[in-house]
Amino acid sequence: LDMRLNALSETSGALAVNFDCDAIPYASGYVADHLQCKFVNNELWIKCPNMMLRYYKDQELNAKSFENGWFKTGDLAKLEEYEGKQYLVIIGRLKNLIILSNGENVSPEELEKLLLQHKLVKDCQVKVMTVSGNEVIGAEIIPNSDVEGKEVFDKIIKDINKKLPSYKQIRTYKLRKHEFKKSYAMKKVN
């Protein structure tokens, strides 16, 4: 039996648990019994008995991160019911959210997941790019080494865009040959 635990260091334990026999593949897992969660503007807020009380000697971070005993995770998330359990689905990070000029919000991680589902995409990064003086949603894509031809990626983007509302659609992309720079935590950096 395979089990994956998803946790935050601030909570000192599991928030969501996935077993290979009953899991939704894209979910973090079902919400642990000891956890209370709510969503404020799609941000996951949690409360549980084993959560830390505050950040040590950092009043500014405490003020940003806690409200009436609720910890603001910074994760954009939702709950989906599956076989009687509430599964937590992380959509992206609040700090990465792209806010378009029309006020719509786009999670780059959501679009990256769609791109990465394609076997010809090795890695990608979705971000705001400028085309003819306009800011649009774009992607930098690292293809698998054996892939050539812009037409292949034109079709991949077109197929993904068919599934998306117009404001979330990827309007431009660049192919990269080199890996993205990554932080010590292995997160992509610009």
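The values are calculated or read from the model by the stated rules, or taken from the named source; none is laboratory data. Just so we're clear, the structure is a prediction, and the values are computed from it rather than from any experiment. For neighbour counting, all protein chains shown are included, and Cβ atoms are generated from backbone atoms with ideal geometry for every residue, glycine included. These accessible areas exclude ligands, DNA and RNA; they are computed on the full protein's heavy atoms, side chains included. Shrake-Rupley method; radii C 1.70, N 1.55, O 1.52, S 1.80 Å.
Of the GluC sites (Glu not before Pro) found in segment 130-169, those in coil by DSSP whose Cβ has at most 15 other Cβ atoms within 10 Å are 148.
Between residue 100 and residue 123, the contour length at 0.36 nm per residue exceeds the alpha carbon distance by 5.9 nm. Accessible surface calculations at 1.4 Å, restricted to protein heavy atoms, place segment 17-138 at 59 Å² per residue. Each Cα pair under 8 Å and six or more residues apart adds its separation to the average, and for segment 59-188 the resulting relative contact order is 15 percent. Over all pairs of different C-alpha atoms, segment 76-161 has a mean inverse distance whose reciprocal, the Kirkwood radius, equals 14.7 Å.
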